Amino acid sequence: MKKLIQLENILEHLNNPQFPHAIKQTLENLPAGSLPLEKATTQGGMIDDNKISVGILNYKKDGPIIQVKFSVFFTEIIGGCNCHDDPVEANAYCEMLAHIKADSGITSFTLCEDA
């Protein structure tokens, strides 16, 4: 089941040059666990989504849907080795797509597998 989030506050910026900045700020300020970053972990770790940074790669409006491709830099917390420095933090990166309904702001996220 896909998690849906409402991003209606960014719709007012859609047709002006502030849209990339508005969506970046909105994505970076989502509540913890909103983005499916666990699908992007490489070492089976947990996500510290208090430390994410988003970059807008591109966006387009395709009929009733706004598609935004964005990058996410985040911290993966790797535990379980029972070492003195456990858990270990690792820098991680992924690219995602946001599919935003232009009439309501209801948004779903998918991981770009080819990043």
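The values are calculated or read from the model by the stated rules, or taken from the named source; none is laboratory data. In this text, all values refer to a predicted model and were calculated from it rather than measured experimentally. Cβ: placed from backbone, ideal geometry, glycine included. Neighbour counts: every protein chain shown.
Summary table
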| quantity | calculated |
| --- | --- |
| Residue identified as closer than 14 Å to Val68 by Cα and touching a strand residue (DSSP E or B) at 6+ places or on another chain (Cβ under 6 Å) among Leu7, Leu11 | Leu7 |
| Wholly enclosed strands (runs of 3 or more DSSP E) of the stretch 14-114 bearing at least 2 residues modelled with pLDDT of 90 or more and in contact with a Ser or Thr (Cβ under 8 Å, 6 or more places away or on another chain) | 46-62, 65-78, 88-101 |
| Hits in the stretch 20-45 - residues which are of a type outside the set (Ser, Thr, Tyr), out of contact with any Leu (no Cβ under 7 Å at 6 or more places or on another chain) and in contact (Cβ under 8 Å) with a residue 40 or more places away in the chain | Ile23, Lys24, Leu27, Leu35, Leu37, Gln43, Gly45 |
| Close pairs (8 angstrom Cβ cut-off, 6 or more residues apart or separate chains): surrounded by 20 or more Cβ atoms within 10 Å (Cβ to Cβ) in the stretch 90-113, among the hydrophobic types (A, V, I, L, M, F, W, C) and part of a loop (DSSP other than H, G, I, E, B) anywhere | Cys94/Cys112; Cys94/Ala115; Met96/Leu35; Met96/Cys112; Ala98/Leu7; Ile100/Leu7; Thr107/Leu7; Phe109/Leu35 |
| Qualifying positions in the stretch 1-13 - crowded, with 17+ Cβ neighbours inside 10 Å and in a helix (DSSP H, G or I) | Ile10, Leu11 |
